[in-house]
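The values are calculated or read from the model by the stated rules, or taken from the named source; none is laboratory data. All values reported here derive from a predicted model rather than from experimental measurement. Here the Cβ positions follow ideal geometry from the backbone for every residue, glycine too, while neighbour counts run over all protein chains shown. The area values use the complete protein model at the heavy-atom level, side chains included, leaving out ligands, DNA and RNA. Shrake-Rupley method; radii C 1.70, N 1.55, O 1.52, S 1.80 Å.
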Amino acid sequence: MSIFTINSFDQYKESYTCSVENPTLFWDQIAQHYTWFKPYTEVSRFSMEDADFSWFNGGETNITFNCLDRHLPELSDKTAIVFEPNDPSEPHQEITYGELAKRVAELANVLLKKGVGKGDRVCIYLPMIPELAISLLACARIGAIHSVVFAGFSAGALASRIDDCSCKMVITSDGGYRGNKTIDLKAIVDEALVQCPTVETVLVVERTKEQINMTEGRDFWLKNELSTVLSECPAESMQSEDPLFILYTSGSTGKPKGMMHSTGGYMVYVGYTFQNVFQYQPSDVFWCTADIGWITGHSYILYGPLLNGATTVLFEGIPSYPDFGRFWSVIEKYKVTQFYTAPTAIRSLAKEPLSWVEKHNLSSLKIIGSVGEPINDEAWQWYFENIGKSTCPIVDTWWQTETGGILISPIPGITKLKPTYATLPLPGIQPILMNAEKELIDKNETDGSLCIKFPWPSIARTIWGDHQRYKDTYFTAFPGYYFTGDGAWRDEDGYYRITGRVDDVIIVSGHNLGTAPIEDAINEHQFVAESAIVGFPHDIKGNALYGFVTLKDGIGDFDENQLKKEINQYVSDQIGPIAKLDKIQFTSGLPKTRSGKIMRRILRKIAEGDFSSFGDISTLLNPEIVDEIKNQAL
Ligand code: PRX
């Protein structure tokens, strides 16, 4: 029997043991599941110290061949993508594997015609429409590297991402729909491109039919271009280690990090984890509600399902439009079997009347999943009882942009669940906990910094253009190990419960936000001297942002509310509306150590409303400021 599919707990344990004792044998067996144009000669080679990883060396393949061609002709009439538009009265679309292969080939030919080739970077800035999925695949088809930027990001954030990896092309649309709002994506692209000299071509998808500007010689309507090309495009033969994509994630300091993933290892790992974490069966309809602009969408809306010949739902809308029953109505409409969403969505829907859920038949569901942040017990129970009807296992999947695929998760129906626990590592994953002294903690019933001891195929290969930063961020805090930036608790059964970030990244509504870029945006306001951002618990968003802001001397009278609005506008312009602050407190100073570092733990406690004890503040240069901030806390 193939070891690709885990069918029992014994088999999980066997696979796990094999993956630890003989990773080469284990991953070789898994990788055999895929089509390689040229076989690999070495399973892996790595150095944790140098953050240097390569998998399936010497092998050549193309991920789109494995997502599309490999399934044809058997599955050519099977639905690959179900597109559910924002407005439920607009007809939905079902795109078969055959049609998808054709549309990918056509777009790939347009890219080639416009001079995009292997290794070139293409920025994709699109709403959740079929062309988004097709654009990623078209890039991969010809070996171009896609860099998807979430269509909620501002022009400034888009420009910095385009510039960082010097994209040659941008694929966007006239606009996008989100609930009852229309977003002028093309106008945002135009604004961004003023700062992006490397972009030669912009392909524009027609979605909203709003009036937009087209720059002669640079901007082209995609539909016109598609009519000029052939419907066949051979898959470029890619080295296993050739880059597949770059995806930006926020760091605790400085500019966003362009995490680079490569072809073979990503393909092998994502296909394997999709199959097992969702116990995929051929007649299933899988729905992940993330946006393709995030890693969850890359791996589990697009590549994971297609690698397994699955039907995947692509949803353009939001959970509250046109009403709070939208998710549940989509599940009923397509008889979704696996539903994968984020705790923030669960919490926001759990506070609405249960009648929104009860109106719909959710009996098709077999497995429900959670990702993006810790799921609190209340949300877990609500999800389990009301959506899973106390029968569908919840897969609480822990992973990161950097990891490419899910690392810790129950295997549904096989791993015994424990609410709020991501439970056990998948085969090939060796989590460890480290204490503050940087020692490995052997025992259970303990918490520590979560690290991974051994590489897996889809670990990010580098930060685009800055390998030193990659090493510094992930491989130096605990030498010899990959440091995740998360804290975790390991219980008596060896189960992991992720407790949250231990660095300055704050997860707001499932979005990773680094504090530094937000502070930079605030500090650009002419009145602002300095700022510090911390998170505080929020019922729906998980965390919300609290900003402590000091103003320059001699400003004179000003309207506080107006200034707060302006500050949030700066944040929205620089990063996007997702990064707006819920609370802004003006203060005459920030608590700083003698070495000039802001003591954020004090600000965190104040933001949380916990004034009980601030611990040791003897290293503060200005201890008196703590009382002032505390007394004026919002
Ligand atoms: O803190 C962890 C949290 O999300 C971080 C990774 O964010 P990102 O790169 O945007 O990827 C999100 C989707 C994979 C992690 O470092 N996180 C993700 N999943 C979980 C989680 N925290 C707790 N439980 C999870 N299941």
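Here the condition is being within 11 Å of the ligand (Cβ to nearest atom), open to solvent by less than 10 Å² (accessible area, probe 1.4 Å) and either assigned by TED's automatic domain parsing to the domain that holds Arg604 or assigned to a strand (DSSP E or B) (or both); of Ala488, Ala532, Ala544, it holds for Ala488 alone. None of Leu25, Leu100, Leu68 is assigned by TED's automatic domain parsing to the domain that holds Arg207 and modelled with pLDDT of 95 or more except Leu100.
Against the test of being surrounded by fewer than 21 Cβ atoms within 10 Å (Cβ to Cβ), of a type outside the set (D, E, K, R), away from the ligand (no atom under 16 Å from the Cβ) and within 24 Å of Asp486 (Cβ to Cβ), the options Ser320, Ser348, Ser363 yield a single qualifying residue, Ser348.
Residues in segment 555-592 that are part of a helix (DSSP H, G or I), in contact (Cβ under 8 Å) with a residue 40 or more places away in the chain, more than 21 Å from Ile629 (Cα to Cα) and of a type outside the set (Ser, Thr, Tyr): Glu566, Val571, Asp573, Gln574, Pro577, Ile578, Ala579. In this structure, is Leu440 without any contact (Cβ under 8 Å) to a residue 12 or more places away in the chain and more than 24 Å from Leu545 (Cβ to Cβ)? Yes. Pro455 fulfils the conditions (1) touching a helix residue (DSSP H, G or I) at 6+ places or on another chain (Cβ under 6 Å); (2) away from the ligand (no atom under 12 Å from the Cβ) except for a single criterion, (1).
Each row is one residue, and each column tells you yes or no for (1) within 16 Å of the ligand (Cβ to nearest atom); (2) open to solvent by 10 Å² or more (accessible area, probe 1.4 Å).
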{"residue": "Phe339", "(1), (2)": "yes, no"}
{"residue": "Pro343", "(1), (2)": "yes, no"}
{"residue": "Pro353", "(1), (2)": "no, yes"}
{"residue": "Pro374", "(1), (2)": "yes, yes"}
{"residue": "Glu385", "(1), (2)": "no, yes"}
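Residues of segment 385-403 that are under 19 Å from the mean Cα position of the chain (by Cα) and either among the hydrophobic types (A, V, I, L, M, F, W, C) or assigned to a helix (DSSP H, G or I) (or both): Val395, Trp398, Trp399, Thr401, Glu402, Thr403. Tell me, yes or no, whether segment 505-526 has at least one residue that is open to solvent by less than 50 Å² (accessible area, probe 1.4 Å), in a loop (DSSP other than H, G, I, E, B) and within 15 Å of the ligand (Cβ to nearest atom). Yes, segment 505-526 contains at least one residue that is open to solvent by less than 50 Å² (accessible area, probe 1.4 Å), in a loop (DSSP other than H, G, I, E, B) and within 15 Å of the ligand (Cβ to nearest atom).
Here Thr423, Thr397, Thr473 are screened, and the one residue that is within 14 Å of the ligand (Cβ to nearest atom), open to solvent by 40 Å² or more (accessible area, probe 1.4 Å) and hydroxyl-bearing (Ser, Thr, Tyr) is Thr473. Give me a count of the residues in segment 259-299 that are among the small types (Gly, Ala, Ser) and within 13 Å of the ligand (Cβ to nearest atom). Here the count works out to 4. Do we find that Lys78 is closer than 16 Å to Pro282 by Cβ and surrounded by fewer than 22 Cβ atoms within 10 Å (Cβ to Cβ) in this structure? Yes, satisfied. Residues in segment 576-602 that are open to solvent by less than 20 Å² (accessible area, probe 1.4 Å) and closer than 14 Å to Glu519 by Cα: Gly576, Ala579, Leu581, Ile584, Gln585, Leu590. Close Cβ contacts (under 6 Å, 6 or more residues apart or on different chains) running from residues in segment 334-360 that are without any contact (Cβ under 8 Å) to a residue 60 or more places away in the chain to residues that are open to solvent by 60 Å² or more (accessible area, probe 1.4 Å) and assigned to a loop (DSSP other than H, G, I, E, B) comprise Thr337/Lys366; Glu352/Phe324; Trp356/Phe324.
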